[in-house]
Amino acid sequence: MSLKGKVVLVTGASGGLGTFVTNAFLDAGASVVGGSRSIKQSEFPNPRFTALAANITSLESARAISGAVIGKLGRIDVAVHRVGGFAGGQSVADTGDATLDKMMALNIQTAFHLVRAVLPAMRAQGAGCILAIGSR
């Protein structure tokens with residue numbers, strides 16, 4: 001499937017699964033903006049790739065990222081949420097509220113912020129796709 005001419009935002013673009021997802025969209029012909037806290041342009045030597053130091057732990061930061069992508073490339077056709085984590089090692093009965101709060105913020109709130117940030121632009125352009133990919 002060719003995605004030539006499409007603009008893709010990938011959060012959590014560096015690292016194992018993020019690198020695979022980013023490269024898959026680049027291989028399909030899309031222009032990709034890869035966001036991560038410490039991403040570097042040199043990680044993806046492709047002229048259709050743009051690295052963006054990003055943090056989506058707040059709605060304001062997610063809106064800033066969305067605005068940067070739209071400002072540079074004019075649109076967002078696909079938003080891929082690849083941010084998250086897991087604090088394992090304890091049973092549910094032994095897991096404290098602080099760990100639960102951390103997992104909710106890292107996995108649920110970041111996805112919610114991204115959707116809220118990109119949805120208005122996708123609605124305005126009449127199309128778009130939002131994907132959330134978690135790991136084990």
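Each reported figure results from applying straightforward, stated rules to the coordinates on display, with no laboratory input. Note that the coordinates shown come from a computational prediction; the quantities given were computed from them, not determined experimentally. So basically every Cβ, Gly included, is an ideal-geometry build from the backbone, and we count neighbours across all protein chains shown.
What nm distance separates the two modelled labels at residue 124 and residue 60, each placed 7 Å from Cα along Cα→Cβ?
Going from the residue 124 label point to the residue 60 one covers 2.1 nm.
Quick one: if you take sqrt(5λ) for each eigenvalue of the C-alpha gyration tensor of the chain, what semi-axes come out, biggest first, whole angstrom? Mind dumping the intermediate values first?
Numbers: eigenvalues 147, 57, 32 Å².
Semi-axis lengths for the chain are 27, 17, 13 Å.
Stretch residue 92-residue 17 to full length: gain in nm at 0.36 nm per residue minus the Cα-Cα span?
24.3 nm
Under a Cβ-Cβ cut-off of 14 Å, what is the net charge of the residues other than residue 29 that fall near it, where Lys and Arg count +1 and Asp and Glu count -1? Walk me through the intermediate numbers first.
Values: positive: 4, 6, 48; negative: 27, 77.
Around residue 29, the surrounding residues sum to +1.
May I ask for the net charge around residue 51, where only other residues with Cβ less than 9 Å from the Cβ of residue 51 are counted and Lys, Arg are +1 while Asp, Glu are -1?
0
Which one, 95, 15, 5, is farthest towards the positive end of the dipole of the stretch 1-110 when Lys and Arg carry +1 and Asp and Glu -1 on their Cβ?
After comparing all options, I get 5.
Nearest 500 deg cm²/dmol is fine: what mean residue ellipticity at 222 nm does the chain get from its DSSP H runs of n ≥ 4 alone, each adding -39,500 (n - 2.57), divided by its residue count?
Only helices count here, giving -11500 deg cm²/dmol.
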